[in-house]
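Derivation of every value follows stated rules applied to the coordinates shown; laboratory data play no part. Remember, it's a predicted structure, so these values are computed and weren't measured experimentally. Every residue, glycine among them, receives a Cβ derived from its backbone with ideal geometry; neighbour counts consider all protein chains shown.
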Amino acid sequence: MADDLDGQLVQFVQSVTDAMGLDLEVAVEPIADGTRIVIAGDGCDVFVRRRAAALDALQHVVNAAFRRKHPSRHIVVDCLDYRKGKDAEIQETAVLLAGRARETGEPQEMGPLNPYARRLVHLAIAAEPDVSSESSGDAFMKTVVITADDPGH
């Protein structure tokens with residue numbers, strides 16, 4: 001089943017890149033909590049221009065298309081290791097802000113962030129002692145507020 005789903009993911013993303021007139025290679029690799037789709041080849045940089053808006057859009061479409069077939073797993077679309085670098089940066093920032101929240105007792109905000117980035121922040125904060133996180137806002141892009149569980153201690 002997983003191999004069949006991986007094949008469907010590759011075929012879907014390949015058809016999108018082909019329709020864009022790009023000659024790219026698409027591969028799938030497992031990650032801890034889901035699947036990572038890796039796009040490679042000349043012209044791949046089109047996905048990381050303008051703060052990776054095209055990569056975000058493609059990831060959103062892939063998740064929407066495969067949500068029912070892949071309900072408990074997360075699907076990440078990456079190109080030129082853009083997500084790997086950004087993911088690490090987001091998580092490091094979350095940990096720094098968690099420390100600041102613990103030290104000052106003041107809530108710290110990150111955002112506005114898309115659902116994928118918010119998920120990374122919440123996972124990073126869940127691993128940190130004495131802090132918690134909550135999304136606020138009512139739009140697609142929301143702010144994550146990081147607070148100390150016991151301010152001043």
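Of (i) -0.28; (ii) -0.34; (iii) -0.24, which is the value of log10 I(q)/I(0) by the Debye sum over Cα atoms at q = 0.09 Å⁻¹ derived from the coordinates here?
(ii)
For a footprinting-style exposure proxy, rank E128, E103 by other Cβ within 10 Å, fewest first.
Going from sparsest to densest Cβ surroundings: E103, E128.
Counting DSSP beta bridges with both partners in the chain, what percentage is antiparallel, nearest 5?
75
Could you list which residues have their amide H under 5 Å from that of G105, counting only those 5 or more apart in sequence or on another chain, with H placed in the peptide plane?
G152
Determine the gain in length on full extension of the stretch D138-A19; use 0.36 nm per residue of separation and subtract their C-alpha separation, reporting nm with one decimal.
39.5 nm
Quick one: dipole size for the chain, taken about the Cα centre, charges +1 on Lys/Arg Cβ and -1 on Asp/Glu Cβ, in debye to the nearest 20.
Roughly 420 debye, rounded to the nearest 20.
Suppose R0 equals 30 Å; then what is the FRET efficiency for Q11 and R51 from their Cβ-Cβ distance, rounded to the nearest 0.05?
0.60
May I ask you to evaluate 6.51 cos²θ - 1.76 cosθ + 1.60, the Karplus curve with θ = phi - 60°, for each residue of the stretch 118-135 and list the ³J(HN,Hα) values in order in whole Hz, giving x for glycine and proline?
4, 4, 4, 5, 4, 5, 5, 5, 4, 7, 9, x, 6, 9, 9, 9, 8, 7
Could you work out the helix-only [θ] at 222 nm for the chain, with each DSSP H run of four or more residues adding -39,500 (n - 2.57) and the total divided by the number of residues, to the nearest 500 deg cm²/dmol?
It comes out at -15500 deg cm²/dmol, rounded to the nearest 500.
FRET efficiency for N114 and R73, Cβ-Cβ distance as r, R0 = 22 Å, nearest 0.05?
Between N114 and R73 the formula returns 0.75.
Taking amide H positions as placed 1.01 Å from N in the peptide plane, with prolines and chain starts having none, which residues 5 or more places from V76, or on another chain, fall under 5 Å of its amide H?
The list, which skips near neighbours in sequence, is T35, R36, I37.
Determine ³J(HN,Hα), in whole Hz, for all residues of the stretch 51-63 in sequence, where each value follows from phi through the Karplus function 6.51 cos²θ - 1.76 cosθ + 1.60 and θ = phi - 60°; x replaces Gly and Pro.
After applying 6.51 cos²θ - 1.76 cosθ + 1.60, I find 6, 6, 4, 5, 5, 4, 5, 5, 4, 4, 5, 4, 5 Hz.
For a footprinting-style exposure proxy, rank T93, T147 by other Cβ within 10 Å, fewest first.
T93, T147
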